[in-house]
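Report on the following structure.
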Amino acid sequence: MKALLDTHCLIWWLTDHPSLSQRASHTISLTSNRLYVSAASAWEIAIKVRAGKLNVPEYLLTDFSGTLEQEGFDSLSMTISHAVHAGELPGEHQDPFDRMLIAQAHIESMTIIGKDKIFDHYGIDRIW
């Protein structure tokens, strides 16, 4: 299975946070799954840390790519196709990071691992 980690799930996985569901944790731990982290998640984390809305381990900001590699996650770049699709998505959901993850999951045929039920409104398989 190809799956895209929501930003919170990435942070919860890296920090062994109890908010990560058992099902999500099990899915992430299976080496047979190919897991991706969007560049949008790096962008979201950096913005929220700078704004004082999020606290993450320092290594995540200083070596994001190395952290993904160490965990066996693949990075997923944002493309023009992703951006256009994110902008064209229907609905009132205005979070640009979620909209990008939704667009990427659609275009790349991925499941999203995430808690937010908003993903369900966009026809994406979600694991939680």
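Checking the stated criteria, ASP63 turns out to be charged (D, E, K, R), over 15 Å from the mean Cα position of the chain (by Cα) and exposed (fewer than 13 other Cβ atoms within 10 Å of the Cβ).
For the range 30-60, give me each residue that is crowded, with 18+ Cβ neighbours inside 10 Å and hydroxyl-bearing (Ser, Thr, Tyr). Before you say what the answer is, go through the steps one by one.
First pass over the range 30-60, keeping only residues crowded, with 18+ Cβ neighbours inside 10 Å: 35-38, 40-42, 44-45, 60.
Within the range 30-60, TYR36, SER38, SER41 qualify.
For the range 1-101, the strands (runs of 3 or more DSSP E) that sit wholly inside it and include 2 or more residues that are under 18 Å from ILE118 (Cβ atoms) are 2-5.
Report whether or not ALA105 is surrounded by 16 or more Cβ atoms within 10 Å (Cβ to Cβ), within 14 Å of the chain's Cα centre (by Cα) and farther than 21 Å from MET1 by Cβ. Break it down stepwise before answering.
Working: surrounded by 16 or more Cβ atoms within 10 Å (Cβ to Cβ): yes; within 14 Å of the chain's Cα centre (by Cα): yes; farther than 21 Å from MET1 by Cβ: no.
Spelling it out, it is not the case that ALA105 is surrounded by 16 or more Cβ atoms within 10 Å (Cβ to Cβ), within 14 Å of the chain's Cα centre (by Cα) and farther than 21 Å from MET1 by Cβ.
Scanning the range 28-52 for residues that are touching a Leu at 6+ places or on another chain (Cβ under 9 Å) and closer than 14 Å to TRP13 by Cβ yields ILE28, LEU35, TYR36, VAL37, SER41, ILE45.
When every residue of the range 41-62 is checked against the conditions, at least one turns out to be in contact with a helix residue (DSSP H, G or I) (Cβ under 6 Å, 6 or more places away or on another chain) and under 17 Å from ILE127 (Cβ atoms). Yes or no: GLN70 surrounded by fewer than 18 Cβ atoms within 10 Å (Cβ to Cβ), within 22 Å of SER29 (Cβ to Cβ) and free of Cβ contacts under 8 Å to residues at least 40 places away in the same chain? Criteria met by GLN70.
FYI, it's all coordinate maths here, none of it is from the lab. Computed from a prediction, not measured in an experiment: that's the story for all the values here. Every residue, glycine as well, gets a Cβ built from its backbone with ideal geometry; the counts of neighbours run over all protein chains shown.
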